[in-house]
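Data first, discussion second: the structure below is written as structure tokens.
The values are calculated or read from the model by the stated rules, or taken from the named source; none is laboratory data. It should be emphasised that the depicted structure is a prediction, and the values quoted were computed from it without experimental measurement. Here the Cβ positions follow ideal geometry from the backbone for every residue, glycine too, while neighbour counts run over all protein chains shown.
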Amino acid sequence: MTHTARIAFVALVVCASVAHAQSTARVGEAGPPLRVELSVGMNREQEYARRAGTVNSAAVAVRWTPSSIGGIRATVNGIRRHAKYLQGYGYGIDYDSVETEHRVLALTIDTDVSFRVWRDLTISPSVGAGFTPYAHGRSSTIRVRATPDLTPSEYGNYSRSDVGVIWTLGLAVRYRHFVIEKQAIGLLGAGLAVQYGREYYPWTIGYRF
């Protein structure tokens, strides 16, 4: 083997070793320190007095990870809860057909701690709080009655908006670009708009850039 061939062979071995080291060294890294997360979610929940409701949510978040241990996330979150049920009264021959809807817009800041499970797979509990600039509650009641002298059917109708604050708890599983999270979101204040069922527990699935 000539001297030039030896030099070329050594250079090739060094380059291959560096490339291999780089490919394995990145395993388990959290990625860029600033990322955007888009997520949607839903859950089937039991409302006040065990009335079933469907919760839908959508969120846009910016998450900053100054270290591999944890991160800080700013989120714009929209939540909608819808429920429709029958409520009986009297001797069981009269009942109300009730439809309720909550719409909440929340701006939150939360912090989380990441625990690496395997390579790029992490689990992160989080806690946060924020402001609710818009909370709207609507209820529509139709009374189906056999007794003619009962309260008029419009007695339970309302549509109101209010503001409040919000708290959040979450447990997220992240793998590369994908995020699955279970959240608990509680509304404080805004009692004029949302009178009951003031906590939401959506499952969300998201993609991060």
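Filter region 182-193 for residues that are in contact with a Gly (Cβ under 8 Å, 6 or more places away or on another chain) and closer than 16 Å to Asn56 by Cα and give the result.
Lys182, Gln183, Ala184, Leu187
What's the number of the condition Thr24 fails, among (1) of a type in the set (Val, Ile, Thr); (2) in a strand (DSSP E or B); (3) modelled with pLDDT under 55?
Condition not satisfied by Thr24: (2).
Run down Ala30, Ala5, Ala59 and say which single residue is at pLDDT below 95, surrounded by 15 or more Cβ atoms within 10 Å (Cβ to Cβ) and of a type in the set (A, V, I, L, M, F, W, C).
Ala30
Would you say Ser124 is assigned by TED's automatic domain parsing to the domain that holds Arg81, closer than 24 Å to Val62 by Cα and hydroxyl-bearing (Ser, Thr, Tyr)?
Answer is yes for this residue.
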